[in-house]
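One structure below.
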Amino acid sequence: MTRTSLKDFQCSWAQGAEAIGDKWTIMILRDAMRGVDTFSGFAKNIGVSKKVLSQRLDHLNATGILDKVPTDTGSSRTTY
């Protein structure tokens, strides 16, 4: 079943649903609100594949919902 896009609706509720409307994104946001802030933490709690988790975190970062921040200068580790 294909999800209908809401991006063309001129409504803040529709735009919010478009940004966070899939089940994995909602679970990521739930965990972020509970203090989870690392990729491995999300992966452990949610049980989603690493590929899907990476895509959803990239989307949340691109839309400004979550910020991706390096843990140290020059480090490849990040927190959200």
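None of the figures in this text is laboratory data; all of them are computed from the coordinates on show. These numbers come from a predicted model, not from an experiment. Here Cβ is always computed from backbone atoms with ideal geometry, including for glycine, and neighbour counts include all displayed protein chains.
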Subset of region 18-66 [in contact with an Asp or Glu (Cβ under 8 Å, 6 or more places away or on another chain) and under 14 Å from T78 (Cα atoms)]: G41, F42, N61
Candidate set from region 1-17 (those that are among the hydrophobic types (A, V, I, L, M, F, W, C) and part of a helix (DSSP H, G or I)); member that is nearest to T79 (Cα to Cα): A17
Filtered residue count, region 32-41, keeping only those that are part of a helix (DSSP H, G or I) and more than 10 Å from the chain's Cα centre (by Cα): 4
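Results for (1) buried (at least 16 other Cβ atoms within 10 Å of the Cβ); (2) without any contact (Cβ under 8 Å) to a residue 40 or more places away in the chain; (3) among the aromatic types (F, W, Y), shown as yes or no for each residue.
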{"residue": "D8", "(1), (2), (3)": "no, yes, no"}
{"residue": "W13", "(1), (2), (3)": "no, yes, yes"}
{"residue": "A19", "(1), (2), (3)": "yes, no, no"}
{"residue": "T25", "(1), (2), (3)": "yes, yes, no"}
{"residue": "I28", "(1), (2), (3)": "yes, yes, no"}
{"residue": "D31", "(1), (2), (3)": "yes, yes, no"}
{"residue": "D37", "(1), (2), (3)": "no, no, no"}
{"residue": "G41", "(1), (2), (3)": "yes, yes, no"}
{"residue": "I46", "(1), (2), (3)": "yes, yes, no"}
